[in-house]
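Peer 1: Below is one structure. I have some questions about it.
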Amino acid sequence: MNLKQTLPEDAKNRYLKDKKTHVSKKTLSNYSTSLGMFCKWLNSERITDLRDLDSDEIQRYKEHRLDNVKPITARNDMWTVKNFVQFCESIQAVPQGLSELVRIPKVSEDDEICDDLLTREEAVELLDYLKKYEYASIRHVTLLILWKTGMRVGGLRSLDLKDFDEVRPALQLRHRPDMATPLKRKEKSQRDVLISTETADVIVDYIENTRPDVTDEHDREPLIATDHGRIAETSLQRYVYTATRPCHYTGACALDRDPRGVRG
């Protein structure tokens, strides 16, 4: 098969146009940023025709990214590059099979945790997704309360059913160290957090339809509960980590998997 002369920038624009119909604006922006850096790298390497791109050049780009960003960022970038190269195969810009030679960085479980701030746009998109697909689930309520109130995970875990005031509505944070739910700043963290009626309605639906009827080892009724009692803080953190992965709520996975079929 004869390859066609193709500028990296032209191929990038065609790739983004192809993706535009089925990914979110945020995801498309991420693709554009990642591939923009890749094209800039190729230009610095004097590769202006994708027919000159080979696996060694791609590997050197991966090494360059690993030297300059976190492993999780490098991994995400290389998945985008891999998918881009696969697209380039389909338009006869690079040799068939080149995408199979793209090596994705391996990362540890700790590296998979991203400590970047969640933007308002991302939070709205995430909560819209949870409202549609996981309404009043423990994960929906967890992310909703954390985002709407700004409280710590430890504060959320400390809440009992009686701390939810449906009338005002509000959530009452109380320091209870003798019952295994201390607050980080002790009594200084105690406060009543007002919430909207919309948020309260979700909490009510969670309590009535999702929350298991359990108590903890101190005979308290935790608001966020599992079949075994009060949820562990690590489990709450895991809900946050998995739910805030872009592939979970945008429907676009760098690995081309169906994120609705595999949930953390």
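The values are calculated or read from the model by the stated rules, or taken from the named source; none is laboratory data. Because the structure is a prediction, the values reported are computed rather than measured. Virtual Cβ from ideal backbone geometry, glycine too; neighbours counted across all protein chains shown.
Peer 1: Of all residues in segment 213-237, count the ones that are of a type in the set (S, T, N, Q) and free of Cβ contacts under 8 Å to residues at least 12 places away in the same chain. Please lay out each step first, then the result.
Peer 2: Let us first name the residues in segment 213-237 that are of a type in the set (S, T, N, Q), namely 215, 226, 234-235, 237.
The next check asks that each one be free of Cβ contacts under 8 Å to residues at least 12 places away in the same chain; those that pass are 234-235.
Here the count works out to 2.
Peer 1: How about segment 169-264: which helices (runs of 4 or more DSSP H) wholly inside it have at least 2 residues that are under 26 Å from Leu126 (Cβ atoms), among the small types (Gly, Ala, Ser) and modelled with pLDDT under 95?
Peer 2: Numbers: elements: 197-209, 233-243, 246-250.
Filter on segment 169-264 gives 233-243.
Peer 1: Also, quick follow-up: Take the residues in segment 174-214 that are closer than 20 Å to Thr226 by Cα and polar (S, T, N, Q); name whichever of them is surrounded by the fewest Cβ atoms within 10 Å (Cβ to Cβ).
Peer 2: Asn209
Peer 1: Name every residue in segment 3-51 that is on the phi > 0 side of the Ramachandran plot and touching a residue at least 60 places away in the same chain (Cβ under 8 Å), in order of residue number. Don't jump to the end; show me each part of the working.
Peer 2: We begin by selecting, within segment 3-51, every residue on the phi > 0 side of the Ramachandran plot; these are 46.
Passing the criteria: none in range.
Peer 1: Does segment 215-237 hold any residues that are touching a Gly at 6+ places or on another chain (Cβ under 8 Å) and surrounded by 11 or more Cβ atoms within 10 Å (Cβ to Cβ), and which are they? Show your work before the answer.
Peer 2: Kept after step one, since they are touching a Gly at 6+ places or on another chain (Cβ under 8 Å), are these residues of segment 215-237: 215-217, 222, 233.
Scanning segment 215-237 gives Thr215, Asp216, Pro222, Glu233.
Peer 1: Among residues belonging to segment 149-173 that are touching an Asp or Glu at 6+ places or on another chain (Cβ under 9 Å) and among the basic types (Lys, Arg), point out the one that is surrounded by the most Cβ atoms within 10 Å (Cβ to Cβ).
Peer 2: Arg157
Peer 1: Please tell me if Glu121 is among the charged types (D, E, K, R), surrounded by fewer than 18 Cβ atoms within 10 Å (Cβ to Cβ), in contact with a helix residue (DSSP H, G or I) (Cβ under 9 Å, 6 or more places away or on another chain) and part of a helix (DSSP H, G or I).
Peer 2: Numbers: among the charged types (D, E, K, R): yes; surrounded by fewer than 18 Cβ atoms within 10 Å (Cβ to Cβ): yes; in contact with a helix residue (DSSP H, G or I) (Cβ under 9 Å, 6 or more places away or on another chain): yes; part of a helix (DSSP H, G or I): yes.
Taking the combined requirement at face value, the residue satisfies it.
Peer 1: Right, something else. Considering segment 126-155 alone, what residues qualify as being among the aromatic types (Phe, Trp, Tyr), within 15 Å of the chain's Cα centre (by Cα) and under 18 Å from Thr197 (Cβ atoms)?
Peer 2: Our first condition is that a residue be among the aromatic types (Phe, Trp, Tyr); within segment 126-155, this holds for 129, 133, 135, 147.
Among the residues that remain, those that are also within 15 Å of the chain's Cα centre (by Cα) are: 129, 147.
Scanning segment 126-155 gives a single hit, Trp147.
Peer 1: It is to be established whether one or more residues within segment 12-25 are touching a Cys at 6+ places or on another chain (Cβ under 6 Å) and farther than 25 Å from Leu126 by Cα.
Peer 2: Taking segment 12-25 and keeping what is touching a Cys at 6+ places or on another chain (Cβ under 6 Å), we get 12.
When the remaining residues are screened for being farther than 25 Å from Leu126 by Cα, the result is 12.
Yes: one or more hits.
Peer 1: So, in segment 178-211, of the ones that are among the basic types (Lys, Arg) and in contact (Cβ under 8 Å) with a residue 12 or more places away in the chain, which residue ends up nearest to Asp165 (Cα to Cα)? Can you show your working first?
Peer 2: To start, the set of residues in segment 178-211 that are among the basic types (Lys, Arg) comprises 184-186, 188, 191, 211.
Within this subset, residues satisfying the condition of being in contact (Cβ under 8 Å) with a residue 12 or more places away in the chain are 184, 191, 211.
Details: Lys184: 22, Arg191: 13, Arg211: 17 Å.
Filtering segment 178-211 for residues that are among the basic types (Lys, Arg) and in contact (Cβ under 8 Å) with a residue 12 or more places away in the chain, the one nearest to Asp165 (Cα to Cα) comes out as Arg191.
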